[in-house]
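The next block holds one structure in the form of structure tokens; read it before the comments.
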Amino acid sequence: MKKAVFIVLAVMMLVPAMVFAAGQGETDGDVFRVAVSLPPANNSWQAKMLDSVLEESKKDVDEFSFVVKSAVDDADQLNMLQTFKADNYDMIICLPGNGTLMTPICEDIYDAGIKLMIVDRAIASDKYTVLLAGDNYACGVNAARYFGEKLNGKGDIVALHSYVGIPIDIQRFNGFQETLAAEFPGIKILVEGDGEFNQEAGLKAMSNIIPAYPHIDAVYTQDDETAIGVMTAIDNAGRDDVKFVTGMGGAKSAYAMIKADNTLLTASMSYFPTMGGDAVRLAKEILKGGSFDKDNIAPTYVVTKDNVDQFAGNAY
């Protein structure tokens, strides 16, 4: 534990990162120092995650001091993690924008004896203190089974990745592809693309795919905002062959479409960004000496028009 002299409650834009400090006033005793590194808050899931982290980090300021930084890109996140390591925090919480690229610095942090929590997106290593993540493989499994039911086990589909090759993409895509192959061999993936985690990428990927394939039964995406971009591309092309599109995450806009039941978006494989607050609470318990499991995996849900109201309170 380190001495905390001043902890300023601020929300400020810096270059190259958004920096947030939670706490207030001057402390007379030791406090646990925790640094949180998040990827860019450039979609509604990440923005809600940031809000959830900040809300919980403002509590218990007599015991804990939090510094929360939201990176502008992968290079920025790598630099901030290196700085956090050098500053010798009691714990570093990292939601890696790219789990593969962040693996070496995360391993360095762990090897330095600093407690390391990985949130949401895995790194390519088991060198961490604790993991708190959604069940990304199950997201893909659930989506495959949804496709199997909706298409009666037969069809030609498009499948979009989310930043090809990063751990979260591998988990989600493998869950989908492997389940289709094992349980629904009549469903064929015509082509793959990269929808990243935003509407613009979904629109671009699908706009490039549509001209090459005269018939597409459905589209699998790994993000709700990507799914909305895909639907824009389908609409722009005047295509009426696509029966449905699926997303992941739990965006309010996507849930509204699912509830209205008047667009191609019919389902979202969801777990929720409120895990940001859960991560902060778990960090506090660990630093106070509480027991914990190394791997903590939140369940995923298939949200459709039949149950969307049940999950509306968790949407972002």
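Here are the numbers for the structure shown:
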{"read-out": "Residue satisfying condition, being open to solvent by 10 Å² or more (accessible area, probe 1.4 Å), of a type in the set (D, E), touching a residue at least 24 places away in the same chain (Cβ under 8 Å) and more than 23 Å from N314 (Cβ to Cβ), within set D87, D51, D111", "value": "D87"}
{"read-out": "Residue in segment 250-264 that is touching a helix residue (DSSP H, G or I) at 6+ places or on another chain (Cβ under 9 Å), open to solvent by 30 Å² or more (accessible area, probe 1.4 Å) and more than 28 Å from A41 (Cβ to Cβ) present", "value": "no"}
{"read-out": "Criterion: in contact with a Phe, Trp or Tyr (Cβ under 9 Å, 6 or more places away or on another chain) and closer than 29 Å to P211 by Cβ - qualifying residue of T304, T300, T246", "value": "T246"}
{"read-out": "Lone unmet requirement of (1) touching a Phe, Trp or Tyr at 6+ places or on another chain (Cβ under 9 Å); (2) in contact (Cβ under 8 Å) with a residue 40 or more places away in the chain; (3) open to solvent by 20 Å² or more (accessible area, probe 1.4 Å) for A133", "value": "(3)"}
{"read-out": "Meets criteria (closer than 29 Å to E178 by Cβ, modelled with pLDDT under 95, surrounded by 19 or more Cβ atoms within 10 Å (Cβ to Cβ) and hydrophobic (A, V, I, L, M, F, W, C)) for A124", "value": "no"}
{"read-out": "Failed criterion for A212 (all others in (1) touching a strand residue (DSSP E or B) at 6+ places or on another chain (Cβ under 9 Å); (2) surrounded by 19 or more Cβ atoms within 10 Å (Cβ to Cβ); (3) of a type in the set (A, V, I, L, M) hold)", "value": "(2)"}
{"read-out": "Residue within segment 25-44 that is of a type in the set (V, I, T) and in a loop (DSSP other than H, G, I, E, B) present", "value": "yes"}
{"read-out": "Q222 vs. criteria under 24 Å from S270 (Cβ atoms) and either acidic (D, E) or in contact with a Cys (Cβ under 9 Å, 6 or more places away or on another chain) (or both)", "value": "yes"}
{"read-out": "Residue list for segment 154-169, filter: touching a His at 6+ places or on another chain (Cβ under 9 Å) and open to solvent by 10 Å² or more (accessible area, probe 1.4 Å)", "value": "D156"}
{"read-out": "Test: residue in segment 301-310 that is under 21 Å from A133 (Cα atoms), at pLDDT 95 or above and surrounded by 13 or more Cβ atoms within 10 Å (Cβ to Cβ)", "value": "yes"}
{"read-out": "Flag if E192 is free of Cβ contacts under 8 Å to residues at least 40 places away in the same chain and under 15 Å from V245 (Cα atoms)", "value": "yes"}
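The values are calculated or read from the model by the stated rules, or taken from the named source; none is laboratory data. Just so it is clear, the structure is predicted and the values come from calculations on it, not from any experiment. For neighbour counting, all protein chains shown are included, and Cβ atoms are generated from backbone atoms with ideal geometry for every residue, glycine included. SASA here: full protein model, heavy atoms, side chains in, ligands and nucleic acids out. Shrake-Rupley method; radii C 1.70, N 1.55, O 1.52, S 1.80 Å.
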